[in-house]
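Reviewing the structure listed below.
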Amino acid sequence: MKVKIFRGLLFFSGLLFFINSAICQNVKHISLEEAIDLSIKNSKQLKINRAQVEEAAATVREAIDRRLPDATASGSYLRLAQPNIKLLTGKDSSTAGAGGPSVSQAVYGIVNLSLPIYAGHRIRYGIASARYLEQAIALDGESQREEVVLNTMDAYTNLYKARAATSLVKDNLEQSKQRVKDFSNLEKNGLLARNELLKAELQTSNIELSLLDAENNWKMAMVNMNLMLGLPETTEIAADSINLDNTISVKSIAEYEQLANQHRKDIEALDYRKKAASTAVMATKAEALPSIALTGGYVAAHVPNFLTITNAVNVGVGVQYNIASLWKSAKVQQAKAREKQVIASQEQLTDAIHLQINKAYQDYLSSRKKIEVYAKAVEQATENYKISKNKYNNALLTTTDLLDADVAQLQAKLNYQFAKADAALAYNKLLQTAGLLTSPTTTK
């Protein structure tokens, strides 16, 4: 009995589409480029980073505002009681205030202004440090953007492979059920041993268990993809395209490491954090210097029946110096320690990048080697099926052996396509480790 393994296996522009015609559902077709755009738009991590950039920009404005004058205004209205005052002078005294003014209320207002003239460059260092941190946070976002893009590619490839695997297992299950049905008829007519039928039934049960696992993996891959794209969890996505180009030429590891030093945003971000830490050390040292400010004020008061003050303006120069800074140096030591931490983080990141590039490079070479192996496996499986079919036509081979050869041929073809998809993903991972995945000026 001849059983068709798949209803359709189509190739579009070197891309594999595996479609199970038994599933008649409305699906949302999304290309890889569309998936990347949606994931960037809906990434929770990138939204957090954008908020952090806004916060850093506000911190810069706050540091700049320290150049502006400080102004305070205060005022009070006082209700006064008539006090009883007894003078202890040895003479009889009546209530104080007799013959004097009757004061029952008072109003006053004060306005003070202070414009910093010199603060040991603390303001300038603060502005510079805030700007360095703002740039570092913005670069963090660009680095996270590359991670989001790579994760989307990974999820997209997994979704494609999970759907193909589910379809394959379903077709295998249909073949197995048909085989059980045929074997059952043969067994009833005494043309097949009972144990052969039991073997076929056991194989069907195992395929059903495999289908449960495959469908579970496909559903989880779908939920993961929907969450990344900001779509409802129940949305069924069809992976429209996967780049299976195998004509890519790679550079050497040393070249990728050099490119990483030029393009990795996390390296650049740490460099800005180092500048911010160095500036923070100088700002902390500047606290030991005196600060000078131009001051001014205005006072107005009115006490009915007693006093009125207007046009009381004062202008001057104020000097402030924290003498305790001569023996309190803990803040400077803390700032220097933070600078050392950033320097150590730079060295740690450099080692990590070298390791990442080496691993990604070897993974890509391994994936290319797997393509070669699976290509040979396709040739071998195809030739094996031809031989098995000839033997089956000449009654020299059982139906089970023929179907196994057919499934092996199809599995080899799928493995070959999956290997090409994995190789494309491995190459993108290599680009990401070198900071080139989303670089508009780099030819991939």
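The values are calculated or read from the model by the stated rules, or taken from the named source; none is laboratory data. Keep in mind that what you see is a predicted model, and the values were worked out from it rather than measured. Cβ atoms come from the backbone with ideal geometry, glycine included; neighbour counts cover every protein chain shown.
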Unmet requirement for residue 345, which otherwise passes all of (1) without any contact (Cβ under 8 Å) to a residue 60 or more places away in the chain; (2) surrounded by fewer than 16 Cβ atoms within 10 Å (Cβ to Cβ): (1)
Take region 161-200 and flag every residue that is small (Gly, Ala, Ser) and surrounded by fewer than 17 Cβ atoms within 10 Å (Cβ to Cβ). 184, 190, 193
All conditions in (1) farther than 30 Å from residue 429 by Cβ; (2) in a helix (DSSP H, G or I); (3) out of contact with any Asp or Glu (no Cβ under 9 Å at 6 or more places or on another chain); (4) not aromatic (Phe, Trp, Tyr) are true of residue 225 except (1)
Given 360, 405, which one is of a type in the set (Gly, Ala, Ser) and free of Cβ contacts under 8 Å to residues at least 40 places away in the same chain? 405
May I ask you to list the residues in region 400-421 that are buried (at least 20 other Cβ atoms within 10 Å of the Cβ), of a type in the set (D, E, K, R) and either touching a strand residue (DSSP E or B) at 6+ places or on another chain (Cβ under 8 Å) or over 19 Å from residue 385 (Cβ atoms) (or both)? 420
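Inside region 114-126, can you point out the residues that are hydrophobic (A, V, I, L, M, F, W, C) and surrounded by fewer than 21 Cβ atoms within 10 Å (Cβ to Cβ)?
Keep residues of region 114-126 that are hydrophobic (A, V, I, L, M, F, W, C), which gives 115, 117, 119, 123.
Selection gives 115, 117, 123.
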Given the criteria aliphatic (A, V, I, L, M), more than 28 Å from the chain's Cα centre (by Cα) and part of a helix (DSSP H, G or I), does residue 332 qualify? yes
Of all residues being more than 52 Å from the chain's Cα centre (by Cα) and closer than 13 Å to residue 403 by Cβ in region 164-221, which is modelled with the lowest pLDDT? Just the residue, please. 183
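Out of 205, 291, which single residue is surrounded by fewer than 17 Cβ atoms within 10 Å (Cβ to Cβ) and of a type in the set (Gly, Ala, Ser)?
Just a single option satisfies the conditions, and that option is 205.
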If residue 375 passes every condition in (1) without any contact (Cβ under 8 Å) to a residue 40 or more places away in the chain; (2) part of a helix (DSSP H, G or I); (3) among the aliphatic types (A, V, I, L, M); (4) surrounded by 12 or more Cβ atoms within 10 Å (Cβ to Cβ) but one, which one does it miss? (1)
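Condition check ((1) closer than 30 Å to residue 251 by Cβ; (2) in a helix (DSSP H, G or I); (3) modelled with pLDDT under 90; (4) more than 29 Å from the chain's Cα centre (by Cα)) across all residues:
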{"residue": "337", "(1), (2), (3), (4)": "no, yes, no, no"}
{"residue": "346", "(1), (2), (3), (4)": "yes, yes, no, no"}
{"residue": "353", "(1), (2), (3), (4)": "yes, yes, no, no"}
{"residue": "356", "(1), (2), (3), (4)": "yes, yes, no, no"}
{"residue": "400", "(1), (2), (3), (4)": "no, yes, yes, yes"}
